[in-house]
Structures are given as structure tokens and as C-alpha cells.
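Notes to accompany the following structure.
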Amino acid sequence: MELRESLRVVRRNWAVIAVIVLVGTVGGLAATWIIPEAWESKTTVAFEAVQSGGSMQDELQANNLIAQQLPTYAQLALTSEVLQPVIEELGLDVPSYELAKDLTVEPSATGGALITITAGADTGEEAAALAGAIADELISAVSTTVTGPDGQSGGITGRVVDPAFVPDVRAVPILWLDLVIGFGAGLVIAFTVVAVREVLNRRIRGPRDLDRADLPPLIGTVPRQRRLAPADLVGLAETPALADAFQRLRIAIGASARAASEAQRPDASRAAPDASPATRVIVVVAVEPRAGATTVAAGLATAAADSGQRVALVDADLRAPAIGALETEPVEGGGLAGFLDGTGSAAGLATEVAPGLRLVRTAPAAEGGSEALGSTRMAAALDALARDADLIVIDGGAVTAVADPLLLAPFADAYLVVARAGSSTVDELAAATRAVLSAGATVAGVVLNRVPARGPDAAA
């Protein structure tokens, strides 16, 4: 993962990281109150050879032999031979094997016949007394004197070179160390949780999540705005951020939709035989309900009309019409649904709602009525609209919910697939794209709706 991507992940999950690290740090602080206090005291014992007479070389060899025996002496300090007398002397109510768990006896690693004894206890005074008593008892157990036939004596003696003192600071708990451990543990856990979340979370959170080879190109983004009421849709151009986003989208699809359509269908023919070759039909579909296909369709149509084009905006979501709610009056004659089932006429099918923008509303179709979206009557409706339109934008609804939007494939120059940031998943987008392509249609690109204006997932 690149540094920039890592920083983006951290920014996206900073709250989770902060909470877990805070919990870890508080846990470290709590440990200082929960963990029983323990104090340690150290003492160092030196052993050396004692000889009366003999050469210096003999004494040196004897001291080397003692140094080799230091590990044995260290083990001796942890046995009942040394510890039991200490227990009796100090009046401790603990067996020798339990007492040994609170002791550390280490031979010197830097040379010399030295052994360091570290004793732990509930108080500093007890730790110092315990370390000193063990040192004295170990010296007593190791020290020996032997007299040879020649009257010369030799042996081993020990002495305390660094006596045990009452410590000023407890060994555990140590506040700063517990805080560091808690902070570090929280940091490790936080990044582990974030990494797992990033792997398992399939939601599309921003434009960068669409930078994948198996997905269509991102052709536009729509910034997050307050929830739009149906009456707001035709007035999208009055919101500067939305107006700019839809103008960019209009420009982006201007070339890509035509190029993709011509590459797939060189004769540029459509099922609407009398439609003007200059008229383009764009079907806008969503990967899930409420992803924003209606918003994108209305915004694109409004932006195109503001640029001087003649635009027809068609509500072809016959199951749950959304653009049809732009007006409070009932849809006369059933609108598009009425025309498709033969109960309505083409007269008055489109109503001008803004300069250069005509709207085709629809009432909900009867059961099974949506099948007419692929009929010759739909071709006739588009033919009638194309006579006075440079661009026809069709709101097709959610393509993964029902197959209705795919029935428009024979009439479309291209499809726009709309996903919603923070809600739609990569898998849903891939499934929607496959569905459109399987119908023989062209996907001009993906439009990501409700993109944050700021933060790690904002559009570049």
C-alpha cells in the first residue's frame, strides 16, 4: 500500500483509531491501579579462592575454577538448602519453591566471580532484607576451607560487594511504562482493526475506490447535498456545486457516449428508425434503489438544456416513478405508461418545464406493463421526442432490482451507471455493469453520487 493510500485510510478511520488507542492508554493507566505493587532489591556477591602458601599461578587457577562454578552456585541459591534457612530467619510463610519464583540469580557475564541476586517483595524493606539474607546464606553454603597434608589451607570464600538497599521506586507497576504499553497495544489493535475493515468493507466510499480494472471508468461525481425533494430536480442548476458537477458530466459524456456507441454499432442505427442521427439517447440507471439515478438524470438534462441543447427528460421507471412527482397534478392519460399500454396518446406526452427542457412523466404501470419498455410503442415515443430534441435522457431506475432498464438497451446510445458513495458496493456496481453489457448496451461510465466535499474520500 502506497504512503498516500495509507494516509487516506488513516484519515478515513481516524475516529476508530483514536478511540481504540484511547481505550488502550486508559487500560494502561488502569493497570497501575490493578496490578499489585512489587519492590525489588539487588545485592552482589563475590567469590574467590583462599590459599595459605602456594604460588600465584595456583591461586589464579583456583579463581578460574570458581568462575566456572558460578552457574552452579546460582542454582544453589534457588534451592531449599539456601532458601529454607532464610524463610526461618525472616519468618516467611511461604515454601521455598514459591519463594524462588520471586528471585533472580545471575552470574556475571562480564568476567569475575560475581553473582547478582534480585529479590522481589511486597515492600522495599522486605525486598532488601530478603536479598541480604539470601546473599549471606549463599556465602555460608559455598564457603569452604580445606587443610592439606603439608599444612597449607585453601578453599572458597565469599563476600558482599554491593549490599542490598531499600529501593526508592517500586518495580511494578510503573506508570509511564504501563501508559506506553497501553498506547502501543491500542495502536497495534487499532491498525489491525482498520486493516480488517478495509479488506472486508466493499462499499464505495470515494472516487479512488473505483480505480479498478474490472469496473467502467468514473465519468463524473456529484457532491453530497441535502436531500432533494422532487420539485428541486429541475432547479438543480441553481445550486452552484451541483450545477458545476453536472456540466462536467455533460462535457465528459459528450464524446465518450458517441465514441463508444459508434465503436459498438458502426451504422449508429437505433430501434427508433425515424430518430434524427444527431439525437443521443442516454439511459441513467442505479446500482441500487435510492442511489440517485433520478438526481443524475435530472441534473444532466438540466445542464444540457442550460448549455443550449434541446433536451427531453423521460421518467421510464414504471414501477416507482420519481420524476413524475415533479408536478402535483395527476399524470394525464397515464403519461408514458399510458402511451405504452395504448390507453394514452402521444399528444401532450412531453411538457416543457424549463427553456429547452421537456419532461415526460409517467404513472405507475399496471402489473407486467413495464415489459412495454422494449416495444415498438417505446420506439415510437422516442421517435416523437427526437424530432425536437438533441438529447434524450431516460431515468431507468435501479438495474439490479428489476430487469426493466435493460429493455431500453436497443434504443440507447449509452448507459450511465450511478452508484452512491458510502452505500453502494463494488460488487453491486460490477453486477450492474455486467447486466447492462449482457443486454448488448454500452456503458459510458460510472457516476458516483453523494461524494463528500471534504475529507479522504472527496473528489480530487
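The values are calculated or read from the model by the stated rules, or taken from the named source; none is laboratory data. Values in this document were obtained by computation on a predicted structure and should not be read as measured data. Please note: Cβ atoms are built from the backbone with ideal geometry, for glycine as well, and neighbour counts cover all protein chains shown.
Flag: Ala31 does not match the condition of being among the hydrophobic types (A, V, I, L, M, F, W, C), in contact (Cβ under 8 Å) with a residue 12 or more places away in the chain and out of contact with any Gly (no Cβ under 8 Å at 6 or more places or on another chain). For residues that are crowded, with 20+ Cβ neighbours inside 10 Å and modelled with pLDDT of 75 or more, scanning just the stretch 320-337, find the one that is farthest from Ser307 (Cα to Cα). Per the stated criteria, the residue is Ala337.
Per-residue answers, yes or no, for (1) of a type in the set (D, E, K, R); (2) in a loop (DSSP other than H, G, I, E, B):
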residue: Glu88; (1), (2): yes, no
residue: Val94; (1), (2): no, yes
residue: Leu99; (1), (2): no, no
residue: Gly112; (1), (2): no, yes
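Counting the residues of the stretch 95-114 that are more than 52 Å from the chain's Cα centre (by Cα) and either surrounded by fewer than 20 Cβ atoms within 10 Å (Cβ to Cβ) or at pLDDT 95 or above (or both) gives 5. Quick check on Pro289: is it assigned to a loop (DSSP other than H, G, I, E, B), surrounded by fewer than 17 Cβ atoms within 10 Å (Cβ to Cβ) and at pLDDT below 60? Answer is no for this residue. Residues that are assigned to a loop (DSSP other than H, G, I, E, B), among the polar types (S, T, N, Q) and over 25 Å from the mean Cα position of the chain (by Cα) within the stretch 411-456 comprise just one, Thr442. Of everything listed in (1) under 26 Å from Gly124 (Cα atoms); (2) surrounded by 15 or more Cβ atoms within 10 Å (Cβ to Cβ), the single unmet condition for Trp33 is (2).
Restricting the stretch 151-187 to residues that are within 23 Å of Leu70 (Cα to Cα) and at pLDDT below 85 leaves a set whose member that is surrounded by the most Cβ atoms within 10 Å (Cβ to Cβ) is Gly154. Checking the stated criteria, Leu416 turns out not to satisfy the condition of being over 25 Å from Pro223 (Cα atoms), buried (at least 19 other Cβ atoms within 10 Å of the Cβ) and out of contact with any Lys or Arg (no Cβ under 9 Å at 6 or more places or on another chain). Does Leu373 satisfy the criteria of being assigned by TED's automatic domain parsing to the domain that holds Phe246, surrounded by 24 or more Cβ atoms within 10 Å (Cβ to Cβ), free of Cβ contacts under 8 Å to residues at least 60 places away in the same chain and closer than 30 Å to Val426 by Cα? Considered against the rule, which asks whether it is assigned by TED's automatic domain parsing to the domain that holds Phe246, surrounded by 24 or more Cβ atoms within 10 Å (Cβ to Cβ), free of Cβ contacts under 8 Å to residues at least 60 places away in the same chain and closer than 30 Å to Val426 by Cα, Leu373 comes out as yes. Within the stretch 389-406, being in a loop (DSSP other than H, G, I, E, B), buried (at least 24 other Cβ atoms within 10 Å of the Cβ) and of a type in the set (Val, Ile, Thr) holds for one residue alone: Val399.
Could you say whether any residue in the stretch 333-345 is assigned by TED's automatic domain parsing to the domain that holds Arg212, within 20 Å of Asn449 (Cβ to Cβ) and in contact with a strand residue (DSSP E or B) (Cβ under 9 Å, 6 or more places away or on another chain)? Looking for residues that are assigned by TED's automatic domain parsing to the domain that holds Arg212, within 20 Å of Asn449 (Cβ to Cβ) and in contact with a strand residue (DSSP E or B) (Cβ under 9 Å, 6 or more places away or on another chain), one finds none in the stretch 333-345, hence no.
One residue stands out in the stretch 115-141 among those that are within 29 Å of Leu60 (Cα to Cα) and surrounded by fewer than 22 Cβ atoms within 10 Å (Cβ to Cβ): the one that is nearest to the chain's Cα centre (by Cα), namely Thr118. Does the stretch 407-460 hold any residues that are over 20 Å from Arg319 (Cβ atoms), at pLDDT 90 or above and of a type in the set (Asp, Glu), and which are they? Asp413, Asp427 - these are the residues of the stretch 407-460 that are over 20 Å from Arg319 (Cβ atoms), at pLDDT 90 or above and of a type in the set (Asp, Glu).
For Pro36, the test of being in contact (Cβ under 8 Å) with a residue 40 or more places away in the chain and either in the same structural domain as Leu177 (by TED's automatic domain parsing) or under 54 Å from the mean Cα position of the chain (by Cα) (or both) is passed. Looking across the stretch 57-78, the residues that are in a helix (DSSP H, G or I), closer than 30 Å to Gly120 by Cα and either free of Cβ contacts under 8 Å to residues at least 40 places away in the same chain or within 58 Å of the chain's Cα centre (by Cα) (or both) come down to Ala67, Gln68, Gln69, Leu70, Pro71, Thr72, Tyr73, Ala74, Gln75, Leu76. Scanning the stretch 419-453 for residues that are surrounded by 22 or more Cβ atoms within 10 Å (Cβ to Cβ) and charged (D, E, K, R) turns up Arg420, Glu428. Entry remark, the stretch 239-266: residues being within 15 Å of Val284 (Cβ to Cβ), modelled with pLDDT under 55 and among the hydroxyl-bearing types (Ser, Thr, Tyr) number 0 in total. Exactly one residue among Leu29, Leu78, Leu22 is assigned by TED's automatic domain parsing to the domain that holds Gly112 and out of contact with any His (no Cβ under 6 Å at 6 or more places or on another chain), and that residue is Leu78. Being touching a helix residue (DSSP H, G or I) at 6+ places or on another chain (Cβ under 7 Å), closer than 18 Å to Ala320 by Cα and in a helix (DSSP H, G or I) narrows it down to one residue among Ala372, Ala379, Ala365; which is it? Unique residue meeting the criteria: Ala372.
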